[in-house]
Amino acid sequence: MPTLLILFGLRFYFFTRDHEPILIESSDGEAKFEIETEVKLVYNRGLKPKDIKLAESILEENKENFINEWKKIFGGE
């Protein structure tokens, strides 16, 4: 499970064998986001609302890089 970024106590990663969307983890819990077309929260298990907003902002800013990393692992255009 490659870690894409650790910032402000949030770890951004995805599972290589499950083709999961981007996951966010902190000491409070985890959340899953879709980022392919737009940044969209799939679920939240324990992250505080301020951390969800922060994660969304970080994902928007780094979306292209995260998608490129995804393509390196799974293949793509």
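So which residues in region 68-77 are in a loop (DSSP other than H, G, I, E, B) and closer than 17 Å to Phe14 by Cβ, if there are any at all?
Gly75, Gly76, listed by residue number.
Picking from Phe8, Phe33, which residue would you name as being among the aromatic types (Phe, Trp, Tyr), in contact with a Pro (Cβ under 7 Å, 6 or more places away or on another chain) and in contact (Cβ under 8 Å) with a residue 24 or more places away in the chain?
None of the others qualify; the one that does is Phe33.
Any chance region 23-43 includes a residue that's over 15 Å from Glu60 (Cβ atoms), of a type in the set (Val, Ile, Thr) and modelled with pLDDT of 90 or more?
Among the residues of region 23-43, at least one is over 15 Å from Glu60 (Cβ atoms), of a type in the set (Val, Ile, Thr) and modelled with pLDDT of 90 or more, which makes the answer yes.
The values are calculated or read from the model by the stated rules, or taken from the named source; none is laboratory data. In this text, all values refer to a predicted model and were calculated from it rather than measured experimentally. Please note: Cβ atoms are built from the backbone with ideal geometry, for glycine as well, and neighbour counts cover all protein chains shown.
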